[in-house]
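Student: First the structure, then my questions, so here it is.
The values are calculated or read from the model by the stated rules, or taken from the named source; none is laboratory data. Bear in mind that the values here come from a model prediction, so they are computed numbers and not experimental data. Glycine also receives a Cβ, built like all others from the backbone with ideal geometry; neighbour counts cover every protein chain displayed. We work out accessible area using only protein heavy atoms, side chains counted, and drop any ligands, DNA or RNA first. Shrake-Rupley method; radii C 1.70, N 1.55, O 1.52, S 1.80 Å.
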Amino acid sequence: DIRLRLITNGQLINEEIAEYFKSFSFNQIQVTLYSLNEETHDSITNLKGSCESTKKAIQLMIEKGLPVSLSVPIMKKNRKDYIELYKWGKDIGVISITPNPFLSYTVDHIKSNENIALTESEQIEFTKDLIILSKKNDFALSNSAPKKELNSTIFQNTFYSSLTVLPNGNIVPGTLTP
């Protein structure tokens, strides 16, 4: 059984590309969205307008019936934005929404991310906050999507049966997401 997953920031997805994606049997199209707050999202991506274009791409792919999921890297800048983002994703029909507070300090393997990544104590605090908020806000910590039979939990293991092709052509096990 082969599962086909595309990981994208959504910036280049338009009507034509979304239609083209329908010719594949994607189990999941994972889009990274940092925040619904344009200022926060755009400051993380360093690209003005990226929040709006990413949201439009997500909505377009959902309208086309594609299995869209959200990946939400949790950082110091966006750690308080997750619940609102979760509710938005759930309302528009994404198949899963996965926060990741466990960013590596060297995700890009070049420069340090220690000023943006949560510390270990902040990761623990974020996880505890999610559990508390889930009880107060009817916020599901896990869900399933029978549409594509893709089960999802709050912390998906992206290393499971996946590989990454690096820009230099090397292939490594697992998934690296800068």
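Let's see how each residue does on (1) basic (Lys, Arg); (2) touching a helix residue (DSSP H, G or I) at 6+ places or on another chain (Cβ under 7 Å); (3) surrounded by fewer than 18 Cβ atoms within 10 Å (Cβ to Cβ):
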| site | (1), (2), (3) |
| --- | --- |
| Ile2 | no, no, yes |
| Ser23 | no, no, yes |
| Asn27 | no, no, no |
| Ser35 | no, yes, no |
| Glu39 | no, no, yes |
| Ser50 | no, yes, no |
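Student: Follow-up question, since we're still on this one. Spot the failing condition for Ser71; the list is (1) out of contact with any helix residue (DSSP H, G or I) (no Cβ under 7 Å at 6 or more places or on another chain); (2) over 22 Å from Gln123 (Cα atoms), and only one is missed.
Tutor: Among (1) out of contact with any helix residue (DSSP H, G or I) (no Cβ under 7 Å at 6 or more places or on another chain); (2) over 22 Å from Gln123 (Cα atoms), Ser71 violates only (2).
Student: Being at pLDDT below 70 and of a type in the set (S, T, N, Q) is true for just one of Ser96, Ser104, Ser134, Ser121. Which residue is that?
Tutor: Working: Ser96 fails: at pLDDT below 70; Ser134 fails: at pLDDT below 70; Ser121 fails: at pLDDT below 70.
After ruling out the rest, the residue left standing is Ser104.
Student: Moving on. Would you point out which residue out of Lys48, Lys77 is under 28 Å from Ser134 (Cβ atoms) and not in a helix (DSSP H, G or I)? Please lay out each step first, then the result.
Tutor: Values: Lys48 fails: under 28 Å from Ser134 (Cβ atoms).
That would be Lys77, the only listed residue that is under 28 Å from Ser134 (Cβ atoms) and not in a helix (DSSP H, G or I).
Student: A further question on this structure: Output the qualifying pairs, or none if there are none: Cβ atoms under 6 angstrom, residues six or more apart or on different chains, first residue in region 25-41 and polar (S, T, N, Q), second residue assigned to a helix (DSSP H, G or I) and crowded, with 18+ Cβ neighbours inside 10 Å.
Tutor: Going by the 6 Å Cβ cut-off, the qualifying pairs are Ser35/His41.
Student: Across region 4-21, what is the total count of residues that are open to solvent by less than 30 Å² (accessible area, probe 1.4 Å) and in a loop (DSSP other than H, G, I, E, B)?
Tutor: 2
Student: Now for a separate question. From the residues in region 52-69 that are in a loop (DSSP other than H, G, I, E, B) and not hydrophobic (A, V, I, L, M, F, W, C), which one is least open to solvent (accessible area, probe 1.4 Å)? Talk me through it step by step, then tell me what you get.
Tutor: To start, the set of residues in region 52-69 that are in a loop (DSSP other than H, G, I, E, B) comprises 64-67.
When the remaining residues are screened for being not hydrophobic (A, V, I, L, M, F, W, C), the result is 64-65, 67.
On the way: Lys64: 46, Gly65: 38, Pro67: 4 Å².
Going through the qualifying residues, I end up with Pro67.
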